[in-house]
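The values are calculated or read from the model by the stated rules, or taken from the named source; none is laboratory data. Just so we're clear, the structure is a prediction, and the values are computed from it rather than from any experiment. Here Cβ is always computed from backbone atoms with ideal geometry, including for glycine, and neighbour counts include all displayed protein chains. Areas reflect the complete protein model, heavy atoms only, side chains present, ligands, DNA and RNA absent. Shrake-Rupley method; radii C 1.70, N 1.55, O 1.52, S 1.80 Å.
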Amino acid sequence: MLAKYSTYEETSYLLLYGELPTKEALEEFSTKMRRLRDLPKKVEDCLRELPPHPHPMDILKVAVSHAALYDPDRLRCCREGVMRKVIRIVSQIPTIIAYYHQTRSGQEIIPPDPELGHAANFLYMLHGKKPEEEEARIFDIALILHAEHGLNASTFAAMVTASTLSDINSAIVSAISALKGSLHGGANERVLKMLDEIGSLDKAEKYVLNALRVKRRVMGFGHRVYKTYDPRARILKEYAEYLSNKYNDRKYIEIGKKIEEVMIRELGKKGIFPNVDFYSGIVYHFLGIPRDLFTPVFAMARSVGWAAHVCEYTTNNRIFRPRAYYIGPEYVEYVPIEKRR
Ligand code: ACO
């Protein structure tokens, strides 16, 4: 329903405040988000100085930490202060990603356009021209679909950090670090790499069977919770299909659908189906988003979900402190170093 009727801004409000906003509340919230998009000048300058080659997820970690130093609410831990910090981070992340992309490509940065919504503004800052309404809407839907998903690894990482009574910015940095990995948000970028490696439809089946034979993970499949088709993947597949037809370029979607067919035939009985990362990359590709920005775009969408879980958990906080089962020897003598062999 949210993907069909909502916007990223409205979904963000719902996640943070627990209810859908009235028209006035949404207007106020969206205006606040638009006003908070700019980066502190020092962060902007720093993005220009950062090396052009690291993975943009590493840049995002650095820039989110850096921006936090200039947050006027940095020392506030009351609910209103934390909420302002959250809205500021969620609004600034797209600017960080777009500015970094412009500076690494030797181009002038394109400041946010307050006339545009969250999704459209990001595409504008990235490409320097206002996106078609339809493409901005498809991107908005992709952001909604990624905004929250229970206690996944990155959300849990954020909650563990926040549970020590650290701050929200640190929690978001922990989450970005966890999302980066290829078993989590990093899978979307690798799906496109796999489609390129396969190269043509006739090679797809052999590629998958070979991957399964050598026990290599096929990116964009499987999920700890979903043992059935990820409903987000179903929606993204429709848009991947739509955009492939629109641009008359069906190579990726055809290879993707073949991989899906073979994976479900081989592993469907084990509950392995496409997850959110499988078709999102094809959608982003047609929206002109560079491949190494796919996972940062995931972070941009999920930042509000991370923050919502942190805010909810810390209202009745208890530090996370799991215990490990020790399975080593029961008693080990301390041997002075000069006697060790
Ligand atoms: N390709 C091939 N085989 C797979 C895959 C896959 N993508 N996913 C799971 N399997 C197999 C495993 O080899 C295992 O087989 P076995 O029982 O014969 O040993 C079985 O399915 C169960 O796999 P687990 O690793 O136990 O499943 P788990 O729930 O721990 O892992 C995960 C979930 C990490 C997502 C896994 O499915 C995977 O590695 N997928 C590929 C990476 C990916 O797409 N990640 C994005 C997930 S969605 C998200 O985080 C936003």
Item checked: Enclosed volume per residue, in Å³, of the convex hull spanned by Cα atoms of region 141-187 -> 70
Margin query: Less than 20 Å apart at the alpha-carbon level, and either on another chain or at least 8 residues along: which lysines does that give for residue 61?
Written below: 41, 42, 85, 180
Item checked: region 251-341: chymotrypsin sites (Phe, Trp or Tyr not before Pro) falling in loop per DSSP and having at most 13 other Cβ within 10 Å -> 320, 325, 326, 331, 334
Next item on the list: Straight distance only, please: which lysines reach the Cα of residue 251 with their own Cα at less than 23 Å, same-chain residues fewer than 8 apart left out?
Entry: 193, 203, 206, 237
Margin query: How much accessible area per residue does the chain have, counting only protein heavy atoms and a probe of 1.4 Å, in square angstrom?
Written below: 52
Check: Are there GluC sites (Glu not before Pro) in region 9-41 that DSSP marks as loop and that have at most 10 other Cβ atoms within 10 Å, and which are they?
Finding: 19
Next item on the list: Let me have the 222 nm mean residue ellipticity of the chain computed from DSSP H runs of 4+ only, each contributing -39500 (n - 2.57), with the sum over all residues rounded to the nearest 500.
Entry: -19500 deg cm²/dmol
Checklist line | Interatomic Cα distance distribution for region 1-95, bins of 5 angstrom, percent | finding: 2, 12, 21, 20, 17, 13, 10, 4, 1
Checklist line | Rel. contact order, % - alpha carbon contacts under 8 angstrom, at least six apart, the chain | finding: 21
Next item on the list: Calculate, in nm to one decimal, what residue 270 and residue 209 gain on full extension: separation in residues at 0.36 nm each, minus their alpha carbon distance.
Entry: 20.4 nm
Notebook entry, point to check: How large is the convex hull of the Cα atoms of the chain per residue, expressed in Å³ as a whole number?
Noted result: 200
Note to self: Given a 1.4 angstrom probe, I'd like the percentage of the accessible area of the chain that is carbon and sulfur, rounded to a whole number.
What the structure shows: 54
Check: Near residue 130, which lysines are there with a Cα under 20 Å away, not counting those fewer than 8 places off in the same chain?
Finding: 246
Next item on the list: Please find the FRET efficiency linking residue 115 to residue 45, where r is the Cβ-Cβ separation and R0 is fixed at 35 Å, and quote it to the nearest 0.05.
Entry: 0.85
Next item on the list: Restricting things to alpha carbons, tell me how big region 203-341 is in terms of Rg and Dmax, in Å.
Entry: 22.4, 73
Next item on the list: Report, in whole Å, the centroid distance computed from the Cα atoms of region 22-60 and region 194-218.
Entry: 38
Note to self: Over region 187-285, what is the relative contact order in percent, taking alpha-carbon pairs closer than 8 angstrom and at least six residues apart?
What the structure shows: 46
Notebook entry, point to check: Over region 40-143, with a single point scatterer placed on each C-alpha, what log10 of the ratio I(q)/I(0) does the Debye formula yield at q = 0.17 1/Å?
Noted result: -0.84
Note to self: Along its three principal axes, how long is region 187-285 when you only count alpha carbons? Whole Å, largest extent first please.
What the structure shows: 35, 28, 21
Note to self: Could you check the spin-label model distance between residue 335 and residue 130? Points 7 Å from the Cα along Cα→Cβ, value in nm.
What the structure shows: 7.5
